[in-house]
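The values are calculated or read from the model by the stated rules, or taken from the named source; none is laboratory data. The structure presented is a predicted model; accordingly, all values stated were derived computationally and were not measured. Because the Cβ atoms are built from the backbone with ideal geometry, glycine has one as well, and the counts that use them run over all protein chains shown. Each accessible area value is taken on the protein alone, full model and side chains, heavy atoms only, with ligands, DNA and RNA left out. Shrake-Rupley method; radii C 1.70, N 1.55, O 1.52, S 1.80 Å.
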Amino acid sequence: MPQTYIKELSKHVGLSVVLKGWVYNSTNKGKLNFIIIRDGTGLCQCVLFKPNVGDEVFQKSLQLTQESSIIITGKVKEEKRSPGGFEVEIEKFEIIQIAEPYPISPKDHGIDFLSENRHLWLRSSRQHAILKIRHELIRSMRDYFDNNGFTLIDGPILTPAACEGTSTLFETEYFDLGKAYLTQSSQLYAEASAMAHGKVYSFGPTFRAEKSKTRRHLTEFWMIEPEVAFADLNDNMDLAEDFLEYIIQRTLKNKKSELEILERNTSFLEKVKKPFPRISYDDAVKILHKKNIPFEWGNDFGGADETIISQAFDRPVLIHRYPSVVKAFYMKRDPENEKLALALDVLAPEGYGEIIGGSQREDDLNLLLKRIEEHKLPMEAFNWYLDLRKYGTVPHSGFGLGLERTVAWVCGLEHIRESSPFPRMIHRITP
Ligand code: 4AD
Ligand code: MG
């Protein structure tokens, strides 16, 4: 008989099925042994009645520990009191392994212990729900771009130069060719691809040797990066807004029960509908000053500043036109004010901070040459990138959305570490 998954039990009421999984809990009451089994798709109570299986099998079942692996065959019936709404009356019962005492018990554990045991912690219902939501977000992001005329073109992970500043580069020796760096962003490659395909996106792991030990920073995270030829800053903002509304509304619709497991209050997420407020950097600084924050024009916003700015709004806020001194070399300057870059950040509500960073790109060859010099970047490494401004340069724009920050926001997590199956931070590279 083929394996049935717990999620599908409603289709098998009255029939015999085979369930394969792990013991979540088991309780003995006389001739009855109640075993709750977990199979990755849900939980189901299975009842072992001594006269049905015989003395020997029943005795063995009493030795089951949490996480023991088992295969059962039994008849499905509806049972409101069972988690999931169905119960299986066991007819046949096979133990694959009686598990050793499981280190993660229902009592509270410290975060260090849980992080050290991440490979096991993944089995708990909260972590399970978070990764289901992460998967839905990934699928909705891909579907959005796939259904809107974008071509997926991923950049390389080993790169010859910095994209987002030299202070956060991971470097490695690269044969006889000197140093290579783990990519901080696929943007430069997405720009080249946009000149070939018009609308493109890349989606992959990116790396930042961040010294910052905050609840928003990982050293390895996934970024999805659209890039569009013939798009200006306003087009870029329209795209960011439409994209965010789609992925959030779809995840709310498709992942209701997981959000319930997380006890997520979704009222803010439900409001993620167009149009979002759009304010300039100058306006954002005014918000801080009104709250008596001694913020100096020309600095970048810190996490605490972002929280205060976003609290002024009930949905994500787009902030545009930042001082060029705090932004990357490739951003186009505002024709109306040389000191500003045509940059765009999106701050999530509820204090989750920046989830999107992007801009219109500098499309003029000479200005770009000047910026590379000003930023003291190695010109040789950018020759190919400069070619894009020689052979049919066009206005173009794009952005990057950090997957893990988005997952943390949607799930309402206190710390970004739970948004990644195996997070990498300055003080953790295991398991
Ligand atoms: O703002 P960032 O640095 O922008 C870029 O890399 C652009 N080249 C993207 C582009 O225009 N194609 O990063 C983009 C997003 C941030 O808004 C944030 O969500 C996420 O990536 N991010 C991080 N997430 C987790 N840990 C970190 N250390 C992150 N750094 C950035
Ligand atoms: Mg940024």
- [ ] Could you look through the range 389-431, keep only residues that are in a strand (DSSP E or B) and of a type in the set (A, V, I, L, M, F, W, C), and pick out the one that is farthest from MET223 (Cα to Cα)?
- [x] MET425
TODO: Look through GLY358, GLY392, GLY353 and report the one residue that is buried (at least 22 other Cβ atoms within 10 Å of the Cβ) and within 26 Å of HIS197 (Cα to Cα).
DONE: GLY358
Open item on the list: Here are the criteria: (1) β-branched (Val, Ile, Thr); (2) touching a helix residue (DSSP H, G or I) at 6+ places or on another chain (Cβ under 9 Å); (3) more than 16 Å from ligand 1 (Cβ to nearest atom). Tell me which single one THR159 does not satisfy.
Closed with: (3)
Task: VAL285 open to solvent by less than 10 Å² (accessible area, probe 1.4 Å), more than 29 Å from TYR391 (Cα to Cα) and within 16 Å of ligand 2 (Cβ to nearest atom) - done: no
Open item on the list: Return the pair list, or none, for Cβ contacts closer than 7 Å from residues in the range 174-193 that are touching a residue at least 60 places away in the same chain (Cβ under 8 Å) and within 20 Å of SER397 (Cα to Cα) to residues that are more than 16 Å from ligand 2 (Cβ to nearest atom) and in a helix (DSSP H, G or I), at least 6 apart or on different chains.
Closed with: LEU188/TYR385
Open item on the list: Can you tell me which residue is nearest to ligand 1 (Cβ to nearest atom) among those in the range 325-353 that are out of contact with any strand residue (DSSP E or B) (no Cβ under 7 Å at 6 or more places or on another chain) and not in a loop (DSSP other than H, G, I, E, B)?
Closed with: VAL326
- [ ] Please find, among PHE86, PHE113, the residue that is open to solvent by 50 Å² or more (accessible area, probe 1.4 Å), at pLDDT 95 or above and not polar (S, T, N, Q).
- [x] PHE113
TODO: Write out, first by first residue and then by second, each pair whose Cβ atoms fall under 8 Å of each other, whose residues are 6+ apart or on separate chains, and whose first residue, in the range 225-249, is on the phi > 0 side of the Ramachandran plot while the second is modelled with pLDDT of 95 or more.
DONE: PHE230/GLY198; PHE230/VAL394; PHE230/PRO395; PHE230/HIS396
Task: Boolean, ARG123 is farther than 23 Å from LEU188 by Cα and at pLDDT 95 or above - done: yes
Task: Criterion (within 16 Å of ligand 1 (Cβ to nearest atom), surrounded by 22 or more Cβ atoms within 10 Å (Cβ to Cβ) and part of a loop (DSSP other than H, G, I, E, B)) met by exactly one of LEU218, LEU244 - done: LEU218
Open item on the list: Looking at TYR102 and the list (1) hydroxyl-bearing (Ser, Thr, Tyr); (2) open to solvent by 70 Å² or more (accessible area, probe 1.4 Å); (3) free of Cβ contacts under 8 Å to residues at least 40 places away in the same chain, which single condition is not satisfied?
Closed with: (2)
Task: Scan of the range 162-184 for residues that are on the phi > 0 side of the Ramachandran plot and within 16 Å of ligand 1 (Cβ to nearest atom), ordered by number - done: GLY165
